[in-house]
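The structure under discussion appears below in the form of structure tokens.
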Amino acid sequence: SPAAASKAARAAVAEGLPDTDWPARIRERLAGSRPRHDAEDWLVPGLTVAESRAYRRFFPAEPVPAAVLVPIVEHPGAPTVLLTQRGMQLRHHAGQISFPGGRIEPHDDSPAAAALREAHEEIGLEESCVSVVGFLPDHVVISGFRVTPVVAMVRPGFKLFLDAQEVEDTFEVPLAFVFDPQNHRPRVHRFRAADAEARLFEIPYGDRNIWGATAGMLVTLYRLCVGEPL
């Protein structure tokens, strides 16, 4: 089947890159990238641009601009992705695993400024520990946001101070685990507003499950790094 062929192809790519310096690859692929907000480039998390266009009608025509920080922690030889577990009392995406971030406020100079501000407010991550390396295409989510993923490298040794109203917990996942296509589990999502389904992804890790926009952004970053079409 096409799905099986695609999975086999992705596994073959991963096997051919066992010792890849992923932070260096991310820097290379994102060099010179800028936020781009054209609706033609919006991604449904986990889908390519071409696939996303078929589902665009299920999403708000004018979503709220937002930004998230995609923090890659550069532990020597073992980089990780820093993630948060959102508070259960939040209005949007309660309890989900996510990146630090939120809506872009009028006083934010850019999506990067918004992502860095939110990361500091939510988890106490100091901007001095963070180096922004580039941007993924905007991801549009059913809750009404257009999210710009701001990819950054984080120097190890930082201390975090969580806002208990926003974040229940933080944890790190090895980047090699996230970038192993065998860990990208297909998940069929049904759009309630219409009789339609989309094949998205989730990334189970221990007793946690990374899914939704967060998993979709990580899959997008992986595709960029291995040269798959976005």
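Would a scan of region 193-210 turn up a residue that is among the β-branched types (V, I, T) and open to solvent by 70 Å² or more (accessible area, probe 1.4 Å)? Checked region 193-210: no residue is among the β-branched types (V, I, T) and open to solvent by 70 Å² or more (accessible area, probe 1.4 Å).
Quick grid of which residues meet (1) touching a Phe, Trp or Tyr at 6+ places or on another chain (Cβ under 6 Å); (2) crowded, with 23+ Cβ neighbours inside 10 Å:
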{"position": "P71", "(1), (2)": "no, yes"}
{"position": "A115", "(1), (2)": "no, yes"}
{"position": "E122", "(1), (2)": "no, yes"}
{"position": "G134", "(1), (2)": "no, no"}
{"position": "P149", "(1), (2)": "no, yes"}
{"position": "R155", "(1), (2)": "no, no"}
{"position": "V173", "(1), (2)": "yes, no"}
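What pairs come up if the first residue lies in region 125-153 and is in contact (Cβ under 8 Å) with a residue 40 or more places away in the chain, the second is among the hydroxyl-bearing types (S, T, Y) and assigned to a loop (DSSP other than H, G, I, E, B), and their beta carbons are under 7 Å apart, counting only those six or more places apart or on different chains? Pairs found: G134/S33; F135/S33. Considering region 17-28, the residues that are open to solvent by less than 90 Å² (accessible area, probe 1.4 Å) and either in contact with a helix residue (DSSP H, G or I) (Cβ under 9 Å, 6 or more places away or on another chain) or of a type in the set (F, W, Y) (or both) include one that is modelled with the lowest pLDDT, namely L17. The set of residues from region 34-69 being open to solvent by less than 30 Å² (accessible area, probe 1.4 Å), of a type outside the set (A, V, I, L, M, F, W, C) and not in a helix (DSSP H, G or I) comprises P45, G46, T48, P63. Only one entry in P204, P186 is assigned to a strand (DSSP E or B) and modelled with pLDDT of 90 or more, namely P204.
Among V140, V167, which is the only one that is open to solvent by less than 30 Å² (accessible area, probe 1.4 Å), at pLDDT below 95 and touching a Leu at 6+ places or on another chain (Cβ under 8 Å)? If you could, list the steps in order and put the result at the bottom.
Details: V167 fails: touching a Leu at 6+ places or on another chain (Cβ under 8 Å).
Result: V140 is the single residue among V140, V167 that is open to solvent by less than 30 Å² (accessible area, probe 1.4 Å), at pLDDT below 95 and touching a Leu at 6+ places or on another chain (Cβ under 8 Å).
Among the residues examined, A61 does not qualify as modelled with pLDDT of 95 or more and either aliphatic (A, V, I, L, M) or in contact with a Ser or Thr (Cβ under 7 Å, 6 or more places away or on another chain) (or both).
The values are calculated or read from the model by the stated rules, or taken from the named source; none is laboratory data. Since the structure is predicted, the reported quantities are computational estimates derived from the model, not experimental observations. Counting neighbours? That spans all protein chains shown, and the Cβs are built from the backbone with ideal geometry, glycine included. For the accessible areas, the whole protein counts, side chains as well, though only heavy atoms, and no ligand, DNA or RNA atoms are used. Shrake-Rupley method; radii C 1.70, N 1.55, O 1.52, S 1.80 Å.
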